[in-house]
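Working notes, beginning with the structure itself.
The values are calculated or read from the model by the stated rules, or taken from the named source; none is laboratory data. No experiment lies behind these values; they were computed from the predicted model shown. Using ideal geometry, Cβ is built from the backbone for each residue, glycine included, and neighbour counts are taken over all protein chains shown.
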Amino acid sequence: MSVKKGKGHATALITILIWGSTFIALKYLLGKFQPLELLMTRFTVSFLLLWMLEPKRMKSTWKDERLFFLAGLSGIAGYYTLEALALEISQSSNVGVLVSISPLMTALLARLILKERLPKGFFIGCIISFIGLALMTYNGKMNLKINPKGDLLAVGAALSWAVYSIITPKIFSKGYSLISATRRIFMYGVLCMLPFIGIMKFQPDFSVLKDWRVTLCLFYLAGISSCGGFISWNFAVKTLGPVTTNLYIYLIPMIAVFLGAAILREKVTLLAIFSSLLILFGLLITQWGTLKNARKRKKKGKFEDGAIL
């Protein structure tokens, strides 16, 4: 593995650790804000923070501007709003599982659109990880209630994230700054959320910000999870490609469970441990072909970026 790819994997893992911990802040803030109120506040603050970090105006072509718009529409407005709408209609367990098919959808889109070659066993590994994720989400209670409208919205959220994952490598291959490009994506994401004001409740009460815990949680979501998380995620996608990077999404529920045990003292069941091992085993299978090829290249003494593969 090259040094560059090693940085990509490390960055993706750090991002997932951050995103896996956001449930603590979300759990607290959703008692103070409605979903759309929180989303628009979160990404507006994120946009302003990124503008403060790099206030220089970014120049882009009209053709590239369409890519930024599509990224904001799919990865910010589409994914987060559809997920919020799905949670209002369907079971949270259903939504959590269905949204997590995004790595599989990303792989299919990459194969169809980008003609990306996938290692043998990739889809088998995805299915194994998905089963582990489903077991963890339902926690052995398998009280499955199908809600066609809500479940379709969740699938739509997963597809939106897959589209975002395919678009972003095209954006960053053009040499734009990670900070400025992410800021532009956030801007379009917030603008594309505006039409949902007529569908979802939007009457934010900002007086709750007097509570330092609310302000701290909001800053964590906007500053750490959104600004830092999306910049590092976009770097990982740029380095590793959308398919490999999106596989890390399967780790989010596992991280949430163990952080819940460490911070909120929630109980970790044997099923959660077994599910975690199943997720990790599935991820290993998805990359088995890549690892075998890397070992072959290492034996031949081939180098990449100054490191033996």
Within region 96-113, can one find any residue that is surrounded by fewer than 22 Cβ atoms within 10 Å (Cβ to Cβ) and more than 23 Å from T245 (Cα to Cα)? no
Go through region 1-56 and count every residue that is under 27 Å from E88 (Cβ atoms) and either of a type in the set (A, V, I, L, M, F, W, C) or touching an Asp or Glu at 6+ places or on another chain (Cβ under 7 Å) (or both). 17
Residue pairs, Cβ under 6 Å, 6 or more apart or interchain, first in region 112-124 and small (G, A, S), second not in a loop (DSSP other than H, G, I, E, B). List them. G121/I285; G121/W288
Name the single residue, out of those in region 2-45 being of a type in the set (A, V, I, L, M), closer than 18 Å to L216 by Cβ and touching a helix residue (DSSP H, G or I) at 6+ places or on another chain (Cβ under 6 Å), that is modelled with the lowest pLDDT. A25
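Among the residues of region 46-58 satisfying the criterion of being touching a residue at least 40 places away in the same chain (Cβ under 8 Å) and of a type outside the set (D, E, K, R), which is farthest from G223 (Cα to Cα)?
Result: M58.
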Would you confirm whether any residue within region 208-219 is assigned to a loop (DSSP other than H, G, I, E, B) and either more than 20 Å from the chain's Cα centre (by Cα) or free of Cβ contacts under 8 Å to residues at least 24 places away in the same chain (or both)? yes
Considering only region 141-190, how many residues are in a loop (DSSP other than H, G, I, E, B) and modelled with pLDDT of 95 or more? 0
Hits in region 1-24 - residues which are β-branched (V, I, T) and either crowded, with 17+ Cβ neighbours inside 10 Å or at positive phi (or both): T11, T15, I16, I18, T22
Select, from V3, V97, the only residue that is touching a strand residue (DSSP E or B) at 6+ places or on another chain (Cβ under 6 Å) and of a type outside the set (K, R). V3
Would you mind finding the one in K292, K201 that is among the basic types (K, R), assigned to a helix (DSSP H, G or I), at pLDDT below 90 and surrounded by fewer than 17 Cβ atoms within 10 Å (Cβ to Cβ)? K292
Is there any pair with a first residue in region 162-178 that is farther than 11 Å from L67 by Cβ and a second that is basic (K, R) and assigned to a loop (DSSP other than H, G, I, E, B) whose Cβ atoms are under 9 Å apart and which are 6 or more apart or on different chains, and what are they? S177/K56
